[in-house]
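Shown next, in structure tokens, is the structure this report addresses.
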Amino acid sequence: MSVLRFDNVSKQYSGGHVALADVSFEVAAGEMIFVTGHSGAGKSTLLKLIHLAERPSRGAVMFGERNLLKVRGRRVALHRREIGVVFQDHRLLADRTVFDNIALPLILRGMRRPEIGKRVRSVLERLALGARERALPTQLSAGEQQRIGIARAIVGEPRLLVADEPTGNLDPTLSAEIMALFAELPERGTSVLIASHDLGLVKRMKKRTLVLDHGTLADDISPEDLADA
Ligand code: ADP
Ligand code: ADP
């Protein structure tokens, strides 16, 4: 069963720039997949079409059985609850504690306090952040901040996690740690799609890799073929 499908998707921004041209691919449930390509290749745009920060100019994006063209108005927020999003700059609330930052998506969906506490602490333990729950994001290292961003994205147990250059600001050791965290998600029922221009890092992960080149899908490389790419 596919969790995500792009059918001949094109995106032209107002002003005329074609960011994606006739892109088609499918992500199976439980798959971890990378999207790579030079700066400006269309990686961010592809991710934005999934969490509805942008709309395609042509073609369809399917999330399971849901055609995202038909998701409008109030249903946009409901759709976003099923997708975890991790940003390069993590976008944490600076004046809220680690606990509150991670709890936010659960509060927004009206979950009860005791259940929220349980879920947040469980994620904090998994990401080795247990001692940090009362800290403010600014008191944490860059790697810890990014782990909080990931905790917030996965605490709601989304069907799909998308991450846009999640290791862009981290050194190689921290980047590898963050990638190892992502790699654990498929066995827990969350498919993962990561945009990264860091080809070395992508190759070391040995996962299926989509290559964008000026908005077109130039390659779809299987893990076995990645070494030769
Ligand atoms: P990447 O993430 O691979 O760097 P992007 O998806 O951010 O690529 O951008 C793809 C192309 O679309 C780039 O040429 C970029 O300048 C352009 N672009 C991105 N967002 C917009 C926008 N809001 N309006 C106009 N052009 C945009
Ligand atoms: P990213 O590479 O993660 O998309 P950018 O710094 O390129 O980040 O873009 C930041 C914001 O500016 C995004 O919302 C993007 O859509 C928008 N943007 C990017 N390129 C252009 C452009 N050429 N014209 C207008 N907006 C753009």
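Coordinate-derived values only; no laboratory data. Source: prediction; values computed, not measured. Ideal geometry is used to build each Cβ from the backbone, glycine not excepted, and the neighbour counts take in all protein chains shown.
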*With no solvent and one equal point scatterer per Cα, compute the Debye intensity ratio I(q)/I(0) for the chain at 0.14, 0.15 Å⁻¹ and report its log10, rounded to two decimals.*
-0.89, -1.02
*In segment 149-218, which GluC sites (Glu not before Pro) fall in coil by DSSP and have 10 or fewer other Cβ atoms within 10 Å?*
none
*asked:* Using a Cα-Cα cut-off of under 28 Å, which lysines could be cross-linked to residue 206, ignoring same-chain neighbours fewer than 8 residues away?
replied: 43, 48
*With charges only on Cβ, +1 for K and R and -1 for D and E, what is the dipole size of segment 88-157 about its Cα centre, in debye, rounded to 20?*
240 debye
*Amide H to amide H, which residues 5 or more places from residue 33 or on other chains are under 5 Å from it, using H placed in the peptide plane?*
192, 193, 194
*Taking the chain as the reference, fit the longest principal axis to its C-alpha atoms, fit the long axis of helix 172-183 to the helix C-alpha atoms, and give the angle between the two in degrees, 0 to 90, nearest 10.*
90 degrees
_Name the residue from 218, 149, 98 whose Cα lies farthest towards the positive end of the charge dipole of the chain, charges +1 on Cβ of Lys and Arg and -1 on Cβ of Asp and Glu._
98
*Can you quote the Å³ per residue value for the convex hull of the Cα atoms in segment 88-157, rounded to an integer?*
82 Å³
*For segment 215-221, just list the computed ³J(HN,Hα) in residue order, Karplus coefficients 6.51, -1.76 and 1.60, θ = phi - 60°, integers in Hz, with x standing in for Gly and Pro.*
x, 9, 7, 7, 7, 9, 9
_Note, ³J(HN,Hα) from phi for segment 128-138, Karplus 6.51, -1.76, 1.60, rounded to Hz, x at Gly and Pro_ = 6, 10, x, 6, 9, 5, 8, 6, 8, x, 5
